[in-house]
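The values are calculated or read from the model by the stated rules, or taken from the named source; none is laboratory data. Not measured: the values here are computed from a predicted model. All Cβ positions, even for glycine, are placed from backbone atoms using ideal geometry, and neighbour counts span all protein chains on display. Remember, those area values only see protein heavy atoms, side chains included, never the ligands or the DNA or RNA. Shrake-Rupley method; radii C 1.70, N 1.55, O 1.52, S 1.80 Å.
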Amino acid sequence: MIQRIKSSLTQLTNKQNVIFQEGLVDMREIYEESLQHLEKSVLKLADEVYRAIEKSINVLSDDEKSVAREIIEHDQVINAIESDIDDQIISLITKQQPIATDLRMILSSSKISSELERMADNAVNIAKIRKRVKFEDEYILMRLKTMGKLSMLMLADLKEAHKNNDVNLVKEIIERDNDIDDLYKEIINSAYLIDNDPYISGQAHLAGRYLERIGDHITNIAESVYFTITGERFN
């Protein structure tokens with residue numbers, strides 16, 4: 001009798017251990033899927049912002065204002081994605097209690113999504129400028145569009161650097177922000193009035209400022225990616 005009881009207890013314990021282990025596996029799979037979903041959401045946000053920047057620099061010389069209005073309206077979609085990312089981060093931290101590399105990735109995702117949303121706001125501000133004025137001066141247009149294209153290239157390369165854990169590329173991207181700053185200085189230091197109109201000149205300077213800020217936000221994102229890869233703050 002005692003032997004049968006011991007045998008039954010052993011079988012019950014083994015079954016409980018199997019159930020427990022299966023539960024741990026399921027929880028780990030859910031956790032990994034949540035991390036992957038977060039990363040995909042951040043990449044989706046980056047793609048949306050990339051397109052917003054591209055449209056904003058092209059719209060500056062467009063005859064029609066319709067694209068400018070689309071950029072402004074689409075900002076709601078970008079804000080919704082950022083809000084969803086915030087919800088995912090809160091859920092991961094409160095329910096999963098991540099540590100080490102995972103925690104760095106999650107915290108960096110929070111900062112990156114915030115920087116991306118601010119970049120989108122700057123793209124919206126540029127679109128609003130187009131609703132007020134249209135730039136035709138080639139000197140200014142070339143520099144504004146070059147600033148935007150440099151930002152887009154930085155953002156695209158940063159995506160690859162994050163994917164490949166390429167620290168050297170991250171450092172290079174951070175250095176490239178100096179090129180955007182130099183172009184901005186050329187715009188604000190131009191010694192003539194665009195079309196002899198101080199208002200249009202002021203709007204051009206403002207557009208340059210928004211593009212310069214986009215470069216700064218990308219630099220901040222690059223520093224977050226550096227932290228995610230190395231676990232160290234960028235100096």
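Given the structure, is Arg28 among the basic types (Lys, Arg), surrounded by fewer than 16 Cβ atoms within 10 Å (Cβ to Cβ) and either modelled with pLDDT of 85 or more or closer than 23 Å to Gly215 by Cα (or both)? Let's see the steps before the verdict.
Working: among the basic types (Lys, Arg): yes; surrounded by fewer than 16 Cβ atoms within 10 Å (Cβ to Cβ): yes; either modelled with pLDDT of 85 or more or closer than 23 Å to Gly215 by Cα (or both): no.
The answer is no for Arg28.
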Mind counting the residues in segment 51-67 that are out of contact with any helix residue (DSSP H, G or I) (no Cβ under 6 Å at 6 or more places or on another chain), open to solvent by 60 Å² or more (accessible area, probe 1.4 Å) and not in a helix (DSSP H, G or I)? 2
Given the conditions (1) part of a loop (DSSP other than H, G, I, E, B); (2) of a type in the set (A, V, I, L, M, F, W, C); (3) under 20 Å from the mean Cα position of the chain (by Cα), report the number of the one that Ile126 does not fulfil. (1)
Would you please name the residue that is farthest from His217 (Cα to Cα), looking only at residues in segment 160-178 that are open to solvent by 80 Å² or more (accessible area, probe 1.4 Å) and in contact (Cβ under 8 Å) with a residue 24 or more places away in the chain? Asn165
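I'm trying to understand the selection: among the residues of segment 201-218, which are crowded, with 19+ Cβ neighbours inside 10 Å and touching a residue at least 40 places away in the same chain (Cβ under 8 Å)? Spell out the reasoning first.
The initial filter retains those residues of segment 201-218 that are crowded, with 19+ Cβ neighbours inside 10 Å, namely 201, 203-204, 207-208, 210-212, 214-215, 217-218.
Those that are crowded, with 19+ Cβ neighbours inside 10 Å and touching a residue at least 40 places away in the same chain (Cβ under 8 Å): Gln203, Ala204, Ala207, Gly208, Tyr210, Leu211, Glu212, Ile214, Gly215, His217, Ile218.
Got at least one residue in segment 83-92 being farther than 25 Å from Asp216 by Cα, touching a helix residue (DSSP H, G or I) at 6+ places or on another chain (Cβ under 6 Å) and assigned to a helix (DSSP H, G or I)?
Narrowing segment 83-92 to residues farther than 25 Å from Asp216 by Cα: 87-88, 90-92.
Subsequent filtering for residues that are touching a helix residue (DSSP H, G or I) at 6+ places or on another chain (Cβ under 6 Å) retains 88, 92.
Narrowing the set further to residues that are assigned to a helix (DSSP H, G or I) leaves 88, 92.
Yes, segment 83-92 has at least one match.
Which ones in segment 138-158 are surrounded by 19 or more Cβ atoms within 10 Å (Cβ to Cβ) and out of contact with any Leu (no Cβ under 7 Å at 6 or more places or on another chain)?
Filtering segment 138-158 for residues surrounded by 19 or more Cβ atoms within 10 Å (Cβ to Cβ) gives 140, 143-144, 147-148, 150-151, 154-155, 158.
Within segment 138-158, Ile140, Leu150, Met154, Leu155, Leu158 meet the criteria.
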Checked pairs for segment 219-235, first touching a residue at least 24 places away in the same chain (Cβ under 8 Å) and within 18 Å of Ser113 (Cα to Cα), second hydrophobic (A, V, I, L, M, F, W, C) and open to solvent by 50 Å² or more (accessible area, probe 1.4 Å), C-beta under 8 Å and 6 or more apart or across chains, list as Ala222/Phe234; Glu223/Phe234; Tyr226/Phe234; Phe227/Phe234
Picking from Glu70, Glu82, Glu48, Glu115, the residue that is open to solvent by 60 Å² or more (accessible area, probe 1.4 Å), acidic (Asp, Glu) and touching a residue at least 12 places away in the same chain (Cβ under 8 Å) would be Glu70
How many residues, within segment 196-226, are under 18 Å from Arg104 (Cα atoms) and out of contact with any helix residue (DSSP H, G or I) (no Cβ under 6 Å at 6 or more places or on another chain)? 1
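Consider Tyr50 carefully, then state whether it is at pLDDT 95 or above and among the hydroxyl-bearing types (Ser, Thr, Tyr).
yes
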Test of understanding: among Glu232, Glu223, which residue is at pLDDT 90 or above, closer than 30 Å to Val42 by Cα and open to solvent by 50 Å² or more (accessible area, probe 1.4 Å)? Glu223
Only one of (1) touching a residue at least 24 places away in the same chain (Cβ under 8 Å); (2) within 15 Å of His217 (Cα to Cα) fails for Asp157. Which number is that? (1)
